[in-house]
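In what follows, a structure is listed as structure tokens, so that the remarks can point back to it.
The values are calculated or read from the model by the stated rules, or taken from the named source; none is laboratory data. Everything quoted here is computed from the prediction, not taken from an experiment. Every residue, glycine among them, receives a Cβ derived from its backbone with ideal geometry; neighbour counts consider all protein chains shown. The accessibility values were calculated without ligands, DNA or RNA, using every heavy atom of the protein model including side chains. Shrake-Rupley method; radii C 1.70, N 1.55, O 1.52, S 1.80 Å.
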Amino acid sequence: MLVYGTFFAISILAILLDFTSIAIVCNLLGLLLVLAHFLRKKDIDKDAYLIESTKNALCNLKEKKFQDINFKALKKDNNPYISELKALSEAMQKQQNRIQKRTRKLHEKNLQTTQLLASISHEIKNPLSIIQASIETIMIHKEMEEEMRNKLLHRIMIYSKKINALLNKLTLSESLEHNVIAIKMEQFDILLLCEEVIEGFHNYLLKAVYQDKKIVLEGKNRLIFADRILIEQVLNNLIYNALKYANTKVIVQIHNDYIAVIDDGLGVSKNELTNLTKKYYQGSNTKQGSHSLGLGLFIVKEIAKIHNTKVEFFTKRTKKEGLCVCFRI
């Protein structure tokens, strides 16, 4: 403005001295300088505003207040950094979502581990108490009758097998889940394997626990190519699971392309079918004291994956049928 005043004074003097042309030129130069100063000030103010709005956006990003960033206003003001700010905001939000998801998973995993340990402790504690009581009884009553002694020894054997079965399932489930199990594929007769497995149930569980239930085998000899030990585990798990919920019998059927294990129990709700193979899942029909960790059907599913096949579940297809499990092999 001082420069414009100087040009104005010169123009007045030029008019007084009758130098009109010089006066006009001085006035024009003064006006141009004032206009240039005004435009420069406007640009400086605009730049200052853009810097401030960009700074506020970065502060909100730093504090993860993504909802406070007004991208519409930044776009309206033609902020040159809007693309970078938006990309940075989206990247940070994705990272935050991943961190939150990972945190939730870790929390769920820790909770699951805690529940598992509590479940293992509970499931092992009862058999151990029975074994301990039986041993103490034998030690105290040294003149015990042979029949009673054999009964207590048989009880010790039964509950020792229960503990062993629980621990074996836990170990197998971890091995299958982390792919650290050796696979040996071979050809064998599935009917003969079914007969062996069912004979094992007749010698143990059907005599000691499920005296009022029976296992029926239906089908013909059929050769399959699979890991014999793992398929034996599948049969053991499916038959044992079926026995727990059967009223009177379990049917094992050998078909052309699958094995079916069917109980005559109450079945399960259709909403539960998708959850049956989840690790540690306990169905709504699970009885207290059943000595189950919810691993049996999970192991079956993992063995199915190894054999590149699948396991299917059907409930209450007929009035006489509870849960039907089909293992395609």
note = The lone condition F201 fails out of (1) open to solvent by less than 80 Å² (accessible area, probe 1.4 Å); (2) closer than 22 Å to G294 by Cα; (3) within 33 Å of the chain's Cα centre (by Cα); (4) not charged (D, E, K, R) is (3)
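Residue-wise test of (1) at positive phi; (2) at pLDDT below 80; (3) within 19 Å of the chain's Cα centre (by Cα).
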{"residue": "I99", "(1), (2), (3)": "no, no, yes"}
{"residue": "E123", "(1), (2), (3)": "no, yes, no"}
{"residue": "I130", "(1), (2), (3)": "no, no, no"}
{"residue": "E136", "(1), (2), (3)": "no, no, no"}
{"residue": "M144", "(1), (2), (3)": "no, no, no"}
{"residue": "K161", "(1), (2), (3)": "no, yes, no"}
remark   = Residues of the range 169-223 being over 23 Å from V250 (Cα atoms) and among the β-branched types (V, I, T), in sequence order, are T171, V180, I181, I183
Pairs where the first residue, in the range 200-214, is more than 14 Å from N247 (Cβ to Cβ) and the second is open to solvent by 40 Å² or more (accessible area, probe 1.4 Å) and of a type outside the set (A, V, I, L, M), C-beta under 8 Å, 6+ apart = G200/N236; F201/Y240; Y204/K161; L205/Y240; L206/K214; A208/H154
ask   = If you take the residues of the range 177-191 that are surrounded by fewer than 11 Cβ atoms within 10 Å (Cβ to Cβ) and in contact (Cβ under 8 Å) with a residue 12 or more places away in the chain, which of them is nearest to the chain's Cα centre (by Cα)?
value = K184
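Any idea how many residues of the range 234-284 are of a type in the set (V, I, T) and out of contact with any strand residue (DSSP E or B) (no Cβ under 8 Å at 6 or more places or on another chain)? Give the derivation first.
Taking the range 234-284 and keeping what is of a type in the set (V, I, T), we get 234, 239, 248, 250-252, 254, 259, 261-262, 268, 274, 277.
Okay, now just the ones that are also out of contact with any strand residue (DSSP E or B) (no Cβ under 8 Å at 6 or more places or on another chain), so 274.
So the answer is 1.
For the range 227-254, which residues satisfy the criterion of being of a type in the set (V, I, T) and surrounded by fewer than 21 Cβ atoms within 10 Å (Cβ to Cβ)?
Looking only at the range 227-254, we keep the residues that are of a type in the set (V, I, T), and these are 229, 231, 234, 239, 248, 250-252, 254.
Within the range 227-254, I229, T248, I251, I254 meet the criteria.
Does the range 255-271 hold any residues that are hydrophobic (A, V, I, L, M, F, W, C) and surrounded by 20 or more Cβ atoms within 10 Å (Cβ to Cβ), and which are they? Explain how you work it out, then say what you get.
Initially, the range 255-271 is screened for residues hydrophobic (A, V, I, L, M, F, W, C), giving 259-262, 266, 268.
Correct list: I259, V261, I262.
Out of V268, V216, which single residue is within 22 Å of R317 (Cα to Cα) and modelled with pLDDT of 90 or more? Write out each step before concluding.
Working: V268 fails: modelled with pLDDT of 90 or more.
Only one candidate passes the filter, namely V216.
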inquiry  = I'm checking my understanding of the structure. Among residues of the range 124-165 that are basic (K, R) and free of Cβ contacts under 8 Å to residues at least 60 places away in the same chain, which one is surrounded by the fewest Cβ atoms within 10 Å (Cβ to Cβ)?
reply    = K142
message = Go through the range 101-112 and report how many residues are open to solvent by less than 90 Å² (accessible area, probe 1.4 Å) and either among the charged types (D, E, K, R) or modelled with pLDDT under 70 (or both).
response = 1
message = As an exercise: evaluate K220 against (1) under 27 Å from K278 (Cα atoms); (2) open to solvent by 80 Å² or more (accessible area, probe 1.4 Å); (3) not aromatic (F, W, Y) and give the number of the one condition it does not meet.
response = (1)
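Kindly indicate the residue of the range 166-176 that is open to solvent by 50 Å² or more (accessible area, probe 1.4 Å) and of a type outside the set (A, V, I, L, M) and also farthest from P127 (Cα to Cα) among those meeting that condition.
Initially, the range 166-176 is screened for residues open to solvent by 50 Å² or more (accessible area, probe 1.4 Å), giving 167-168, 171, 174.
With the extra rule that they be of a type outside the set (A, V, I, L, M), the set shrinks to 168, 171, 174.
Details: N168: 16, T171: 19, E174: 23 Å.
Among residues in the range 166-176 that are open to solvent by 50 Å² or more (accessible area, probe 1.4 Å) and of a type outside the set (A, V, I, L, M), the one farthest from P127 (Cα to Cα) is E174.
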